[in-house]
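Report on the structure given below.
The values are calculated or read from the model by the stated rules, or taken from the named source; none is laboratory data. For clarity, every value in this text was computed on a predicted model and none was experimentally measured. Please note: Cβ atoms are built from the backbone with ideal geometry, for glycine as well, and neighbour counts cover all protein chains shown. Side chains are part of the model used for accessible areas, which takes the heavy atoms of the whole protein and leaves out ligands, DNA and RNA. Shrake-Rupley method; radii C 1.70, N 1.55, O 1.52, S 1.80 Å.
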Amino acid sequence: MTYAIETEGLIKRFGKVTALNGLDLTARAGTVLGVLGPNGAGKTTAVRILASLLRPDAGVARVCGYDVARDPHEVRRIIGLTGQYASVDQELTGVQNLVMVARLLGLSRPASKQRAAELLERFGLAHAGDRKAQTYSGGMRRRLDLAVSLVGDPAVLYLDEPTTGLDPQSRYELWDIVRDLVAGGSTVLLTTQYMDEADRLADDIVVIDGGVAIASGTSEELKAKTDRQTLEIQPADPDRLADTIRIVTELSGSQPVVSGNRLRIQVNDTALPGTVLRLLDGAGIEVTELALRRPSLDEVFLSLTGRTARDASGPVSGEAATAGAGPMEGGRP
């Protein structure tokens with residue numbers, strides 16, 4: 001199979017720190033590949049190598065068959081990149097930002113203006129095209145940023161944590177845009193720390209930690225690898241919560257997590273819910289909810305890495321040196 005994105009044994013070091021330690025990943029054409037990992041896992045470093053902004057120390061990276069190290073100009077011709085923060089020129093209008101990039105890509109002035117108008121309409125920004133970007137809301141700036149990355153109609157688009165800092169409505173709007181892009185044949189590599197984002201958008205997911213892929217598959221396949229399920233219980237009478245906790249703890253041998261009047265515990269014995277229900281009934285404790293559900297993607301991530309996706313420990317693998325700089329942030333190379 002020919003992949004739109006492919007890396008084999010990718011290694012990148014920054015001094016004594018190894019950011020990527022033999023990373024393998026593949027993305028099928030016309031799909032979304034979600035790349036998950038805690039802070040410092042190597043996500044941004046991988047994106048920058050795939051965008052030809054960094055050279056790997058070892059291994060191979062290919063985009064639509066082009067070797068990133070040997071054919072960087074061909075790679076840059078077919079990709080777009082949007083980074084974690086909108087980096088459009090705040091002093092320029094929406095139209096001016098798009099026309100500037102189009103001209104840099106070699107389009108004539110009339111073609112540049114036409115392309116700008118098309119993209120502003122596509123991203124719901126036509127009404128604000130003549131306003132300076134500094135007057136845009138956060139969600140509008142992110143849409144403009146994404147529009148800039150699409151000026152050259154790239155076959156492959158890298159979205160490096162594109163919804164960081166956005167409100168829920170703006171995130172949902174960006175998700176719809178990504179779905180439309182993929183429906184049109186684009187391939188998207190999405191790095192994110194939002195598990196619901198990966199769950200809803202990614203066709204395939206790679207979890208990386210310490211610069212290496214530790215798990216891959218669809219969302220459902222990754223969830224199936226975790227044998228534990230979550231039992232959620234809510235007593236009808238809040239005053240019986242302590243008794244419910246005691247019964248569940250004694251039966252399972254584990255202390256449940258309590259949130260409000262609801263408790264939650266991970267189990268790998270499917271017979272446990274029935275036993276719990278009988279004991280609660282025997283104790284005269286009525287429940288409004290008792291449900292056994294499959295693990296969430298966030299729980300899968302925690303079981304794989306020992307950390308939550310939004311671990312606040314900060315970059316540890318050289319990512320700080322590479323995440324914020326570079327001419328492609330928010331645009332085409």
Query raised in the report: Which of (1) more than 30 Å from Glu8 (Cα to Cα); (2) open to solvent by less than 20 Å² (accessible area, probe 1.4 Å) does Asp130 not meet, given it meets every other one?
Result: (2)
Query - Identity of the residue in the stretch 162-208, modelled with pLDDT of 85 or more and of a type in the set (Asp, Glu), that ends up most open to solvent (accessible area, probe 1.4 Å) - result: Asp180
Query raised in the report: What number goes with the only condition from (1) more than 16 Å from Leu201 (Cβ to Cβ); (2) basic (Lys, Arg); (3) touching a residue at least 12 places away in the same chain (Cβ under 8 Å) that Arg28 does not pass?
Result: (1)
Query - Check on Gln266, under 26 Å from the mean Cα position of the chain (by Cα) and either over 30 Å from Gly34 (Cβ atoms) or at pLDDT 70 or above (or both) - result: yes
Query - Residues satisfying the stated conditions in the stretch 230-268, i.e. surrounded by 13 or more Cβ atoms within 10 Å (Cβ to Cβ), among the acidic types (Asp, Glu) and either without any contact (Cβ under 8 Å) to a residue 12 or more places away in the chain or within 25 Å of Val300 (Cα to Cα) (or both) - result: Glu232
Query raised in the report: Just to be sure, is Gly314 modelled with pLDDT under 75, loosely packed, with under 14 Cβ neighbours inside 10 Å and closer than 22 Å to Asp196 by Cβ?
Result: no
Requested in this report: Go through the stretch 1-109 and tell me which strands (runs of 3 or more DSSP E), entirely inside it, have 2 or more residues that are within 30 Å of Glu299 (Cβ to Cβ).
Outcome: 5-14, 17-27, 32-36
**Report entry** Residue satisfying all of: in the stretch 53-79; within 17 Å of Ala29 (Cβ to Cβ) and among the charged types (D, E, K, R); surrounded by the most Cβ atoms within 10 Å (Cβ to Cβ) among these
**Finding:** Arg62
Report task. Please indicate, with yes or no, whether at least one residue in the stretch 141-152 is assigned to a helix (DSSP H, G or I) and open to solvent by 30 Å² or more (accessible area, probe 1.4 Å). Result -> yes
Query raised in the report: Can we say Gln84 is in contact with a Pro (Cβ under 9 Å, 6 or more places away or on another chain), of a type outside the set (Ser, Thr, Tyr), within 26 Å of Gly165 (Cα to Cα) and in contact (Cβ under 8 Å) with a residue 24 or more places away in the chain?
Result: yes
**Report entry** Failed condition for Lys43, given (1) touching an Asp or Glu at 6+ places or on another chain (Cβ under 9 Å); (2) open to solvent by 10 Å² or more (accessible area, probe 1.4 Å)
**Finding:** (2)
